[in-house]
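The values are calculated or read from the model by the stated rules, or taken from the named source; none is laboratory data. Not measured: the values here are computed from a predicted model. Note: ideal-geometry Cβ built from the backbone for every residue, glycine included; neighbour counts use all protein chains shown. For accessibility, only protein heavy atoms count, side chains too; no ligands or nucleic acids. Shrake-Rupley method; radii C 1.70, N 1.55, O 1.52, S 1.80 Å.
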Amino acid sequence: MTLWTIQPEEVYQQIQKTGIYRCDFKKAQMTDLREQYEWLVQEMKARIGEPPEGVFYPVWAWYMWEGARKKPDLRRARWRNGWKGDRFVCMEIEIPDDRVVLSDFDVWSIILLDGLIADSEEEVKRLEMEYDSLTQEDKQEYKAQNWKTVFDLNYVDNGWIHRGDSIQATFWELGKEEIKSVRFFTAATPKPAYLEGM
């Protein structure tokens, strides 16, 4: 399937040198969300098999953004990635379907917030009551089962939940031969003063 991955320019340079890219979680922006990423890794193993030796976390890409199966608009992407002056690359890639797990971007955001996924306010209240009554061990399993809704890509927009519009893809590694085209861009978001020097 055709996907688009946005990565720092050095990732593209690394692929040119080594022929492959694998996620380095220590360099990721969300290392404090290890529980959520570990859950996703286990789901990927169940759905597409074990990762290659030495691979622990997935590479991320876009399958669809805001209802459209087309390359990302870099005029918008330059405001969403990194800080002003940082160099990025958008790679159009072709990954075999059986090596990809698709999930909903908006629902993934709920998972990152450690929330429960529901189709209505009434349902989330019911789920939270059930969850609160469980032991700590049972809470983990309850949450793990609830989070599987992230793989439901059917479109829903009912005022409470928005799903099936922006779909992300995860896979274990990206090979040089899977890159079909490349576009470079520079981030435009000014770095906040409190982050200067970091």
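What to note about this one:
- Per the Debye formula on identical point scatterers at the alpha carbon atoms of the chain, with no solvent, log10 I(q)/I(0) at q = 0.11, 0.15, 0.17, 0.18 Å⁻¹ is -0.58, -1.04, -1.27, -1.37.
- For the chain, the longest principal axis of the C-alpha atoms and the axis of helix 136-146 are separated by about 60°.
- Estimated at 0.36 nm per residue, the fully extended path between Val156 and Thr186 surpasses their Cα-Cα distance by 7.4 nm.
- Residue-level accessible surface for Ser109, protein heavy atoms, 1.4 Å, Å²: 50 Å²
- The portion of the accessible surface of the chain made up by carbon and sulfur, rounded to a whole percent, is 50 (1.4 Å probe; DNA, RNA and ligands excluded).
- For region 8-74, size of Cβ-based charge dipole, Lys and Arg +1, Asp and Glu -1, in debye: 240 debye
- Looking at region 60-92, the trypsin sites (Lys or Arg not before Pro) that sit in a DSSP loop and have at most 16 other Cβ atoms within 10 Å of their own Cβ are Arg69, Lys70, Arg80, Lys84.
- Qualifying chymotrypsin sites (Phe, Trp or Tyr not before Pro) in region 1-68, where qualification requires a DSSP coil assignment and no more than 15 other C-beta atoms within 10 Å, comprise Phe56.
- Relative to the longest principal axis of the Cα atoms of the chain, the long axis of helix 9-18 makes an angle of roughly 70 degrees.
- Normalised contact order of the chain, rounded percent, pairs of Cα under 8 Å and 6 or more residues apart: 38 percent
- Heavy-atom accessible surface of region 1-154, averaged per residue, reaches 58 Å², computed with a 1.4 Å probe.
- Under 5 Å, built H, 5+ apart or other chain: amide partners of Trp65: Lys70, Ile167
- Close lysine pairs were tallied over region 50-179: pairs 8 or more places apart or on different chains with Cα atoms under 30 Å apart number 11.
- FRET efficiency for the Glu123 to Leu33 pair, using the beta carbon distance and R₀ = 25 Å, is estimated at 0.55.
- For the chain, the mean residue ellipticity at 222 nm estimated from helices alone is -9000 deg cm²/dmol, where every DSSP H run of n ≥ 4 contributes -39500 (n - 2.57) and the total is divided by all residues, rounded to the nearest 500.
- Legend: residues Thr2, Thr18, Thr170, sorted from most to least accessible area (1.4 Å probe; ligands, DNA and RNA excluded), read Thr18, Thr2, Thr170.
- Each label point was placed 7 Å from the Cα along the Cα-to-Cβ direction; for Arg99 and Lys148 their separation is 2.7 nm.
- Extension gain, Thr135 to Lys17, is 37.5 nm, computed as 0.36 nm per intervening residue step minus the present C-alpha separation.
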